């Protein structure tokens, strides 16, 4: 979230699209109800299904899954044509006026530079026209046909309300109602919050879905405002922490990136990451990259990271592909290229697409280690569970180690929520039996690996041997020790260059803020964005002060929000060019002529003059990007692409299947079905009663939603002679499931491109382990393809067929 | 004709066989259980009666089963006594002179067979009330309802069950009133109880109350003289 | 669930003696704003957890309602209704939390034959005292909302206690505490009526002109009340009674019926006694015996 759960109450319009907050985030949803009941805010839900969120909404519009970009670009076109643009904001705080280099272009669904054989772009032409001063050329009048604003206008021209209806199935009147309501928030004193989740991410163009809404929010001037923002509703209680800490194959903590094999040395690595400002006077905060990187290396390798060895740069692996994401890992496993696998808090046989492939891949491993508090399906992939998981255990050669771990309630530590708050929690129960914490298990592994390297040597033992391990009990590092390390501390005294008697930083002290981190090895910080969470003043994450002056929703003394305890990102944009809030009633920070101050930590240097330094400090331009250079793999603007399995051809580019820049492995394209054989558009989702595949192990949750089902419209049920509560079989090109049918008015067929599209809803929560009735994972059906940029699987849009069957599955 | 009164013990006339008496007394015991347990749930002032059975929960369990026993007993008794209870013309004559019945002047009443019209009315009212009690009782009995639903697919709505409660109570009150008459008559009309205890009555009882029956018994040789 | 003392009780089932002279305490009430409810079942879950109840894992019958009905273990249940509003043409998904309404005039208490098995506390909670419950199921018949359920296992009747045990230690009911959107609110009845007023105002500004409070007068009001968007049609919400009152059959049975029945039985017995006193026994005379003997000894 750019804002926070407690800020939702400040909004004028809640748009839930690409998510189902009431269903999947009921606790946070109280903010929506509060905004509605105290501010008179409106709630609009756009979703293929009439969801629990829709049940309390002021307006609901149906949409075919996987067509959100067409809808949103249609809204952008509506705003532009009806002059519903926050002009001062757009002209000053976005790159609308930046001039794009000749050579960049877009036609028939493709940008310049596409190479079909590689399914990738040469992104060389996607850049700005640079002036002789080394800065991007701009045209403040927005007259230049090559300026971003005019390129945008041309790009969205095709997305007329008629085209939107043709693609999305949203009736034109409903689309226009929603567009109008959204457009109203372009008034400087109005704000809309966008609440989204996996409904936008789990597509082959997931990143562009979100980017498209971010562009709209910039045009409406809703970024940085109270009650505005892009608010991603994170799924697991610590999935935000997972990404912050860099648990992606290509990331380091704090959204730094792992060296690639294109970064053979330290200098090259640095040169590609220390971004200089592209407009005069702008911050371009990533200029500080090496301070964070070196501090990270000092945390990792301690004294072994020295100036002379480039702070142990060579100890880091150099990644040879864009990422070893989940899909690639299973592809390699399936091909026999990966033969050991650690599953830590992860149940891929349920959560990764195309179960048949995942199961086959696991069967090719030499060993599989599963660390989990629960008896997961992945750990039992070899067991025979009848139709739910047919298997001949004797034929499975994989050796499986199941290590029971503590769950969050049995352990101390911090969780990062969607609001970016690091909240400390304490153990509420004693771990049962032989359960050990994940940290203990990892410590034991490292200890044993280190001993083996010391004894036997090896190709490259240095990184393991030199790992910094400063914990009191090396066998069992404590959460507080790790938290302190994450925050960072001073390694060597740093003295004031003007007054050598004055210490700026004192050795051994906890760092107070990341602004003081240094690239000379005198500071350490495990995750720079977390610096400030555990200072000399103590554990900031454990704060439980509910004071909130003037009820702004900031709650600045509750826990710690990264970065720097900032509650609303880009909050500088909540004020105009003179530094005055767009809406004085919803002030966050204000310029008093000399400095910024207010309710939140300013997201700008405290003394940065409002007419000089622009709000989007992480961007080299200093402004928000309506058009992006080569940073997105699949285009500088979002384009409507159909899902890989779609009931219709792409009306704007009939020859293009799916997202042309999305990676598809050999063999996976062949198991994408077509509308001829698989006529119905399927979508997977979560239910309030369950949390992923965990709560089916809990008797109470299992009671509340006991059995696997699929949801279909009354129309499809009548056509197929399916009765509600009866059994159906649902199958895709990749697998087949049997489920109870829930026939509902909440799903209605849509007309897309002149064709009736029936939607089949498939909740994900059932498996062959746990207290609930055994069921099939929805991933038996889903396609093995991910988002072009970050490889999140396309779980939200694929094709199936349905038929009624006489009886349910046979257990064994 | 010898006008002189015969001396010695009165002649005894068999009236109920052993099995008939067992049948009757099983019903009687069941009835008393039903009466006491039923009343204990009928009015709060009588809840103390549940103490006889070990408390309200025992009453809730016992009462329906006692009802089942009573109903089965009545079914057998009904078959056994049906022939003697068929209505006849004399019954109406008897009823027309009901004031002599109440005042105990049997000499003004027509000669009756084994049962007089009053006894027949008790018989037939029970024949009507027992099925009503059984049906309404089942609708109030959780295991009974479960049985009906699982075996016959019969489901009682809540309003059926409420109606059943009213009907059961009303029928029970009627049954109790008739039972009081039945018991009172047996006590008031001396010599009656021995019919159900010893199985026989004195000839004089038969002569006074059921002369036609006595004559028939004598004629059939069921009465041993001397 | 006995957490209250006898003097906290204002009404007791099956008791002819005068109720203890308890004055009314502050009336409590739970207010459920259906328009704020997202049907998440947190209340259902909290109820099971707090009362340490478990249900067997059931099946899907083609709806979201699970379990399918209230049971001796499920004291509260979300009931889902899909309704196409003929006026707006829009689909509405009406979700109602079903459970004991804690009537001011409780039908269950009226019907109960076991002294003290059902009580109404001075704060107006209607509670079942399981020690005294005999499992007869009369409460099921007395209830105008079809709430109590008798367990087939221990033969006791169960329903929501409004968390009288939590209230006794100053906590709000578990469902209200768990409700993420504050659709379930708890306080004094006066506070809740005022709150309802506010929430109805919000609904009216949102275009629900028929929004209103469900606090049915037929049972003299309830201590669980609903704010409904369509207060003119309560039956839309999974058959919520339009105009509930204790069934006239139950009134007949447990009102006039029990006195009339006792009177009839008593009168019959009295008449018998009177008759006996006046007339004395109907005796067989010696003459009758002689006649019988003569008949018996007569030659065949």
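Derivation of every value follows stated rules applied to the coordinates shown; laboratory data play no part. The structure presented is a predicted model; accordingly, all values stated were derived computationally and were not measured. In this analysis, Cβ positions are derived from the backbone assuming ideal geometry, glycine residues included, and neighbour counts consider all displayed protein chains.
A few comments on the model shown:
- With Cα atoms, 0 to 90° folded angle of helix B:56-81 axis to chain B main axis: 40
- Computed on the range C:69-131, with alpha-carbon pairs under 8 angstrom and 6+ residues apart, the relative contact order is 22 percent.
- Label-point separation, residue A:669 to residue A:445 (7 Å along Cα→Cβ), nm: 3.6
- Relative to the 2.2 N^0.38 Å rule of thumb, the range A:120-233 has a C-alpha radius of gyration ratio of 1.26.
- One chain, two ends: residue A:790 and residue A:177. Fully extended at 0.36 nm per residue, the span grows by 217.4 nm beyond their Cα-Cα distance.
- Volume per residue that the Cα convex hull of the range B:17-83 spans, once the total is divided by residue count, Å³: 78
- Residue list for the range A:22-63, given a label point 7 angstrom along the Cα-to-Cβ vector of residue A:425 and an amide N cut-off under 20 Å: A:22-31
- Distance between the pseudo-spin-label points of residue B:198 and residue A:303 (7 Å out from Cα toward the beta carbon): 12.1 nm.
- Cα convex hull volume per residue for the protein assembly as shown (Å³): 232
- Calculated FRET value between residue A:383 and residue A:723, using beta carbons and R₀ = 30 Å, to 0.05: 0.35
- Considering all different alpha carbon pairs of the range A:654-704, the Kirkwood hydrodynamic radius works out to 14.8 Å.
- When the alpha carbon coordinates of the range C:252-297 are projected onto the principal axes, the ranges are 61, 22, 6 Å, largest first.
- For chain C: relative contact order, % (alpha-carbon pairs under 8 angstrom, 6 or more apart): 23
- Overall form of the range A:664-790 per C-alpha gyration tensor (a/c, 1.5; a/b vs b/c): oblate
- At full extension, residue C:25 and residue C:238 could sit 73.4 nm farther apart than now, given 0.36 nm per residue minus the alpha carbon distance.
- Cα pair distances in the range A:104-163, grouped into 10 Å bins until the bin that holds the longest one, percent each: 18, 39, 32, 10, 1
- Annotation: Cα Rg of the range A:605-727 relative to the compact-globule expectation 2.2 N^0.38 Å equals 1.70.
- With contacts taken as Cα pairs under 8 Å and at least 6 residues apart, chain A reaches a relative contact order of 17 percent.
- Calculated FRET efficiency, residue A:261 to residue A:609, Cβ-Cβ distance, R0 = 41 Å: about 0.40 to the nearest 0.05.
- Alpha-carbon radius of gyration plus Dmax, which is the widest Cα pair, for chain B in Å: 21.0, 72
- Two-site label geometry, residue B:76 and residue C:194: point separation in nm, points 7 Å out along Cα→Cβ: 7.2
- For residue B:19 and residue C:286, the FRET efficiency from 1/(1 + (r/R0)^6), where r spans their Cβ atoms and R0 equals 25 Å, is about 0.15.
- Cα centroid separation - the range A:100-165 against the range A:560-630, whole Å: 27
- Among B:130, B:32, B:69: highest mean-square fluctuation, GNM of chain B, C-alpha pairs under 10 Å: B:32
- Gaussian network model of chain B, Cα within-10 Å springs - most flexible of B:27, B:133, B:76: B:76
- Helical contribution to [θ] at 222 nm, DSSP H n ≥ 4, -39,500 (n - 2.57), averaged over chain A, rounded to 500: -5500 deg cm²/dmol
- Here, the range C:97-143 yields an orientationally averaged convex hull projection of 3.4 nm² when only Cα atoms define the hull.
- Helix-only [θ]222 nm of chain C, DSSP H runs n ≥ 4, -39500 (n - 2.57) each, per residue, nearest 500: -8000 deg cm²/dmol
- Cubic angstrom per residue, convex hull over Cα atoms of chain C: 240
- Convex hull of Cα atoms in the range C:215-279, direction-averaged projection (nm²): 6.2
- Residues of the range B:96-121 with an amide N closer than 15 Å to a point placed 7 Å from the Cα of residue C:279 along the Cα-to-Cβ direction: B:96-110, B:116-119.
- Hydrodynamic radius by Kirkwood, which averages 1/r over all alpha carbon pairs of the range A:426-499, in angstrom: 15.3
- Helix-derived mean residue ellipticity, 222 nm - over chain B, DSSP H n ≥ 4, -39500 (n - 2.57), to 500: -22000 deg cm²/dmol
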